[in-house]
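K.L.:
Encoded as structure tokens, here's the structure I'll be asking about.
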Amino acid sequence: MISGRILTALLLIAVFPLAASGATFNNSTIQGQYKCTLTAYALPPKANQPFAASAIGDLTLAADGNGKFTAGSWDHTVDAPGAHASCKLALSTGTYSINADGSGSETTKWQLLKSDSSPDCSTWFPDNPAGNADLMITDPSGKMFYSSSISSFAILAVACQK
């Protein structure tokens, strides 16, 4: 069976055939304001069951071109069996690293804005949760980047665009 990380890598490589482009990337490739869409796919209870989208989110991120996300907001809606919540978060810290081939990684920490969020949100977002993207990939222009990660309860896919 193909692991989630390998499957995600194959899907993203199909989107951006980087090796053929001959472009060289670095942290300055990701710079400026980005609007992002996040989709969370709940991990199925059994291996033979399909993944189902269980949450969506809209993010904004500001990247400084030197490996830091300097600002960000996240509006997240959970809509799963037995759960419906609207959560708002603010970026606490964020870093990213882009390799010469356009792949990379990112680490972010988000603070739940409890007064602006449903009470159930602290179930999914404890104080200052960290997020690590196992795979980040960008296009040569830096206008778009994609990241994915696997948590204990979902696969998260994020697409960002200037």
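K.L.:
Is at least one residue of segment 82-96 in contact with a Leu (Cβ under 6 Å, 6 or more places away or on another chain), of a type in the set (V, I, T) and touching a residue at least 24 places away in the same chain (Cβ under 8 Å)?
P.N.:
Checked against the condition, which is being in contact with a Leu (Cβ under 6 Å, 6 or more places away or on another chain), of a type in the set (V, I, T) and touching a residue at least 24 places away in the same chain (Cβ under 8 Å), segment 82-96 yields no hits at all.
K.L.:
Which of the residues spanning segment 150-162 are touching a strand residue (DSSP E or B) at 6+ places or on another chain (Cβ under 6 Å) and closer than 18 Å to T77 by Cα?
P.N.:
Passing the criteria: A154, I155, L156, A157, V158, A159, C160.
K.L.:
Could you tell me whether any residue of segment 101-113 is in contact with a Lys or Arg (Cβ under 6 Å, 6 or more places away or on another chain), among the hydrophobic types (A, V, I, L, M, F, W, C) and farther than 19 Å from S141 by Cβ?
P.N.:
yes
K.L.:
I've got another one for you. Where residues in segment 126-161 are more than 15 Å from the chain's Cα centre (by Cα) and of a type outside the set (S, T, N, Q), which of them is modelled with the lowest pLDDT?
P.N.:
The residue in question is D127.
K.L.:
Among the residues of segment 78-102, write down those that are in contact with an Asp or Glu (Cβ under 9 Å, 6 or more places away or on another chain) and either more than 21 Å from T29 (Cα to Cα) or not in a loop (DSSP other than H, G, I, E, B) (or both).
P.N.:
Hits for segment 78-102 are V78, A83, H84, A85, S86, C87, K88, L89, G94, T95, Y96, S97.
K.L.:
Only one residue in D116, D58 is at pLDDT 90 or above, surrounded by fewer than 19 Cβ atoms within 10 Å (Cβ to Cβ) and under 11 Å from the mean Cα position of the chain (by Cα), so which one is that?
P.N.:
Checking each option against the conditions leaves just D58.
K.L.:
Just one of N66, N48 is modelled with pLDDT of 90 or more and not in a strand (DSSP E or B); which is it?
P.N.:
N66
K.L.:
Would you check which residues across segment 38-61 are touching a Phe, Trp or Tyr at 6+ places or on another chain (Cβ under 9 Å), over 18 Å from L113 (Cβ atoms) and either without any contact (Cβ under 8 Å) to a residue 60 or more places away in the chain or acidic (D, E) (or both) and list them?
P.N.:
If the condition is that a residue be touching a Phe, Trp or Tyr at 6+ places or on another chain (Cβ under 9 Å), over 18 Å from L113 (Cβ atoms) and either without any contact (Cβ under 8 Å) to a residue 60 or more places away in the chain or acidic (D, E) (or both), then P44, A52, A53 are the ones that fit.
The values are calculated or read from the model by the stated rules, or taken from the named source; none is laboratory data. Model, not experiment: these values are computed from the prediction. As a convention, Cβ positions derive from the backbone with ideal geometry for all residues, glycine included, and neighbour counts pool all protein chains shown.
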